[in-house]
Amino acid sequence: MKRDKSRIVKLIFIALLILPTILIGQDKEAFKPTIKWNIRGQIWVRYSDLNEGSLINNEPTSNFTDISIRRLRIPISAQVTPKIYLYSILGGNNYSFKTKDFPLEVLDLYVEYTFSKAFEAGVGKSGWQGLNRWNIRSNKTLMGLDSPLFTLNTVEKNDDIGRLMGVWFKGQVGKIDYRLAFNRPLIVKNIPDGEVNFANNSPRIKTSSYIKYQFFEHESNKSAYQVGTYMQTKKVFNIGAGFQHQEKAMSDGDAQLESTNFYNMTHFAADSFLNLPLLNGDAITAYLGFFDYNFGKNYIRNVGANNLTDGGGTDFNGTGVAFPMIGTGTTWYTQFGYAFKETKVLNQPMIIQPNIAIQHSNWDLLEDTMKVYDFTVNFLLNGSQNNKISIGYQHRPIFDAVTLKQKSYKGMAVLQYQIGMK
């Protein structure tokens, strides 16, 4: 099975390389197709204070140091004709000591047709969804290491790392940029038992949209993946709003039982994004967003980025580095970064960009608000995102399993190296 999957990935990669030539045929003089590809990886060296009772291979462990490949991405795109655009990403997340198998898969594979700049349509597997700027963002240009993961609100529950099969429409009209998506979520196999969770029924269509108004320079809408920071290269200020809705997405029991209650999943968000080069050569990047999540009564989910444990956990947070990241309730999220103009450190040209992010969530189930702090400093060698070192620290709250009140904080420190092709 693993060998068959590997062969499929290889065949898709080869097909994407030769498809433009096949489709164009003898029409080479009228239009010359282009194809681009890249490869990028993020390597983590991490020290973690683990949640109480965490287990690694059934051994109680309170702290741990590990090395992992956080992400591998191989994007491939082709402008097949002046109107047809083909896009794919091969990749995987979280390759570590926990397994010898690398989780390489087809993350994106879709085609788009451009009727005009104001109206484009696409179909396939992608990250094209609505709600907010950060639903799916460019991991290449992230300002923090991972934040904000909570915007991937259904990640690995009824989607594939935020991606779904669907159709979407997008475009730019003057200063307005919009997207409207209709996606079919993945089938859920696990059966909820008493507490609200994703329903094991026939998945309904997930409808979502996001509209933003661009005051200064316009951002590209070629990709679904929004830029995290432009540093000194672009003056951007946007405000936006959006929603997601899926009927009967959640339930508190087996979908086949008459006694089971179903809940619609309905989310709203509004946000703003600023990237401002300064006269002294420095630059500011800032984001502020408000999120109103409704998964159903008291839904909550503990998530740990690249979690390294395989069981245990005696606090409400669960195992490893998890905390109550996603739930029914409201969230304020803010991020601020300052990029100093390029300077030399040990004779190496680089841009240094310290930044901070705060997630402040009021989840219905918890007795206290949930506040997470992420501190990161990026060192961009030669000013490039393709050669970047980041040092980050996450300060997460720990909640008591009985009282549902916060009782302490724990931390996770990460040294990341990001390398990619230009």
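Scanning the stretch 202-235 for residues that are over 19 Å from F169 (Cα atoms) and buried (at least 18 other Cβ atoms within 10 Å of the Cβ) turns up P203, V227, G228, T229, Y230, M231, Q232.
Of the residues making up the stretch 158-181, none is open to solvent by less than 10 Å² (accessible area, probe 1.4 Å), in contact (Cβ under 8 Å) with a residue 40 or more places away in the chain, within 29 Å of I356 (Cα to Cα) and not in a strand (DSSP E or B).
For the stretch 103-110, the count of residues that are open to solvent by 10 Å² or more (accessible area, probe 1.4 Å), at positive phi and not in a strand (DSSP E or B) is zero.
When the residues of the stretch 245-266 are narrowed to those that are open to solvent by 50 Å² or more (accessible area, probe 1.4 Å) and of a type in the set (A, V, I, L, M, F, W, C), which ends up nearest to E219 (Cα to Cα)?
F262
For the stretch 76-86, indicate whether the set of residues that are over 17 Å from the mean Cα position of the chain (by Cα), more than 23 Å from V167 (Cβ to Cβ) and surrounded by fewer than 17 Cβ atoms within 10 Å (Cβ to Cβ) is non-empty.
No, because not a single residue in the stretch 76-86 is over 17 Å from the mean Cα position of the chain (by Cα), more than 23 Å from V167 (Cβ to Cβ) and surrounded by fewer than 17 Cβ atoms within 10 Å (Cβ to Cβ).
Here L145 meets each of (1) surrounded by fewer than 22 Cβ atoms within 10 Å (Cβ to Cβ); (2) farther than 27 Å from P203 by Cβ; (3) not β-branched (V, I, T) with one exception, condition (1).
Which is open to solvent by 10 Å² or more (accessible area, probe 1.4 Å) and under 22 Å from the mean Cα position of the chain (by Cα), of G91, G53, G124? Walk me through it before giving the result.
Numbers: G91 fails: open to solvent by 10 Å² or more (accessible area, probe 1.4 Å); G53 fails: under 22 Å from the mean Cα position of the chain (by Cα).
Of G91, G53, G124, the one residue that is open to solvent by 10 Å² or more (accessible area, probe 1.4 Å) and under 22 Å from the mean Cα position of the chain (by Cα) is G124.
Here is a list: A283, A269. Which entry is under 20 Å from the mean Cα position of the chain (by Cα) and open to solvent by less than 30 Å² (accessible area, probe 1.4 Å)? I'd like the intermediate steps shown before the answer.
Details: A283 fails: under 20 Å from the mean Cα position of the chain (by Cα).
Of the residues listed, the single one that is under 20 Å from the mean Cα position of the chain (by Cα) and open to solvent by less than 30 Å² (accessible area, probe 1.4 Å) is A269.
Yes/no matrix, rows are residues, columns are (1) in contact (Cβ under 8 Å) with a residue 60 or more places away in the chain; (2) assigned to a strand (DSSP E or B); (3) open to solvent by 50 Å² or more (accessible area, probe 1.4 Å); (4) farther than 21 Å from P148 by Cα:
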| position | (1), (2), (3), (4) |
| --- | --- |
| G320 | yes, no, no, no |
| T330 | no, yes, no, no |
| I351 | yes, yes, no, yes |
| P354 | no, yes, no, no |
| S361 | yes, yes, no, no |
| D368 | no, no, yes, no |
| Y373 | no, yes, yes, no |
| Y417 | yes, yes, yes, no |
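Is at least one residue of the stretch 376-388 touching a Leu at 6+ places or on another chain (Cβ under 9 Å), among the aliphatic types (A, V, I, L, M), over 20 Å from F290 (Cα atoms) and open to solvent by less than 30 Å² (accessible area, probe 1.4 Å)? No: the stretch 376-388 contains no residue that is touching a Leu at 6+ places or on another chain (Cβ under 9 Å), among the aliphatic types (A, V, I, L, M), over 20 Å from F290 (Cα atoms) and open to solvent by less than 30 Å² (accessible area, probe 1.4 Å). If you go through the stretch 179-238 and keep only what is of a type in the set (A, V, I, L, M) and over 16 Å from N275 (Cα atoms), you end up with L180, A181, L186, I187, V188, I191, V196, A199, I205, I211, A224.
When P103 is tested against (1) farther than 26 Å from I35 by Cα; (2) of a type outside the set (V, I, T); (3) without any contact (Cβ under 8 Å) to a residue 12 or more places away in the chain, exactly one condition is not met: (1). Tallying residues that are touching a helix residue (DSSP H, G or I) at 6+ places or on another chain (Cβ under 9 Å) and either among the hydrophobic types (A, V, I, L, M, F, W, C) or farther than 11 Å from S223 by Cα (or both) within the stretch 118-137 yields 6. Is it fair to say I69 is open to solvent by 40 Å² or more (accessible area, probe 1.4 Å) and in a strand (DSSP E or B)? Answer is yes for this residue. Just so you know, in the stretch 182-201 the residues that are under 30 Å from Y213 (Cβ atoms) and out of contact with any Pro (no Cβ under 7 Å at 6 or more places or on another chain) include one that is least open to solvent (accessible area, probe 1.4 Å), and it is N183. Taking the conditions (1) at pLDDT 95 or above; (2) of a type outside the set (D, E, K, R); (3) farther than 30 Å from S147 by Cβ in turn, S68 satisfies each one other than (3).
The values are calculated or read from the model by the stated rules, or taken from the named source; none is laboratory data. Owing to the predicted nature of the structure, the values given are computational and were not obtained by experimental measurement. Neighbour counts are summed over all protein chains in view; Cβ atoms, including those assigned to glycine, are modelled from backbone coordinates with ideal geometry. Surface areas here come from the heavy atoms of the whole protein model, side chains and all, with no ligands, DNA or RNA. Shrake-Rupley method; radii C 1.70, N 1.55, O 1.52, S 1.80 Å.
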